[in-house]
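Just so it is clear, none of the values below were taken in a lab; they were calculated from the coordinates. From a predicted model like this one, the values you see are computed outputs, not experimental measurements. Cβ atoms come from the backbone with ideal geometry, glycine included; neighbour counts cover every protein chain shown.
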Amino acid sequence: MRVIVTGTPGTGKTTVGKRLSEILNYVYVNLNEELIRRGACTYNPILDTYEVMDREIAERIADEVIEISRNLVIDTIALSVIDPDKVDLVIVLRLHPLELFKRLKYTKMWKGTKLCSNVMAEVLDYFLIEAVDCFGEEKVAEVDTTGKSVEEVVDECLSIIYGKKERRRGIVSWLSLLDPDVVARLDMCARGEVSDDVLVVG
Ligand SMILES: Nc1ncnc2c1ncn2[C@@H]1O[C@H](COP(=O)(O)OP(=O)(O)OP(=O)(O)O)[C@@H](O)[C@H]1O
Ligand SMILES: [Mg+2]
């Protein structure tokens, strides 16, 4: 089986993906790193991030990576360069935006636009929508990691992989849980209009 583990940066793709591959005895591959290493992405200093520059090369690299094995855990956010027919399941990790904010700010030391635009991506279900767009609903399953240990998240992913747990989407609704003022401040910070200091998350 080929399983993609995706989600907003900081939701735990690498931690969970590596653990899953160990337990399942699958090959683990970090497609984002592979795309950067092999020159399909370039660094955008304004956004402080890597972007796919050459789609054709990126698709070719993704294809080569996927052909490594039939039993694969693919850790990536570059969903649109992957051939959907070669993937069996896409797990989208979710994390409450205020937890994600703290994790990105204090663990990854991200700040300002980069920090807030990624948190806004989580608020707006960006990677869920992208996953469904690229792979179709039936292949996509969300896992809410909020308040769960890595082992608990891994166990939930395994249940989905083994078919013991239904592949569900629409399991979280961050917008309905968040104070509209907080969302407005996050949005302004994402656009560079205010600093992330206006978001003091307890
Ligand atoms: N369930 C969890 N509970 C607590 N901390 C976690 C959990 N999952 C991951 N972490 C921690 O969160 C941080 C980010 O995790 P990780 O690097 O796996 O995320 P990622 O989605 O791969 O991020 P990126 O997209 O930037 O590569 C790490 O410090 C990791 O130890
Ligand atoms: Mg990672």
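With (1) in contact with a strand residue (DSSP E or B) (Cβ under 8 Å, 6 or more places away or on another chain); (2) over 30 Å from Val194 (Cα atoms) as the list, and Glu152 as the residue in question, which single condition is left unmet?
So Glu152 meets the others, but not (1).
It is to be established whether one or more residues within segment 41-63 are within 16 Å of ligand 2 (Cβ to nearest atom) and of a type in the set (A, V, I, L, M).
The answer is no; no qualifying residue exists.
Before we move on, is Val3 more than 13 Å from ligand 1 (Cβ to nearest atom), free of Cβ contacts under 8 Å to residues at least 40 places away in the same chain and either more than 30 Å from Ser173 (Cβ to Cβ) or touching a strand residue (DSSP E or B) at 6+ places or on another chain (Cβ under 6 Å) (or both)?
No.
Residue-by-condition table, conditions (1) part of a helix (DSSP H, G or I); (2) of a type in the set (D, E, K, R); (3) in contact (Cβ under 8 Å) with a residue 60 or more places away in the chain:
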position: Ala131; (1), (2), (3): yes, no, yes
position: Glu142; (1), (2), (3): no, yes, no
position: Val154; (1), (2), (3): yes, no, yes
position: Glu166; (1), (2), (3): no, yes, no
position: Val172; (1), (2), (3): no, no, yes
position: Arg185; (1), (2), (3): yes, yes, no
position: Gly192; (1), (2), (3): no, no, yes
position: Val200; (1), (2), (3): no, no, no
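Does Asp85 satisfy the criteria of being more than 29 Å from Glu156 (Cβ to Cβ) and away from ligand 1 (no atom under 15 Å from the Cβ)?
So Asp85 does not fit the description; no.
For residues that are closer than 14 Å to Cys189 by Cα and outside any helix (DSSP H, G or I), scanning just segment 99-127, find the one that is nearest to the chain's Cα centre (by Cα).
Here the residue is Trp110.
Go through (1) assigned to a loop (DSSP other than H, G, I, E, B); (2) under 17 Å from the mean Cα position of the chain (by Cα); (3) of a type in the set (A, V, I, L, M) and name the single condition Ile68 misses.
(2)
Take the residues in segment 6-23 that are more than 8 Å from ligand 1 (Cβ to nearest atom) and buried (at least 19 other Cβ atoms within 10 Å of the Cβ); name whichever of them is nearest to Glu99 (Cα to Cα).
The extreme case among them is Thr6.
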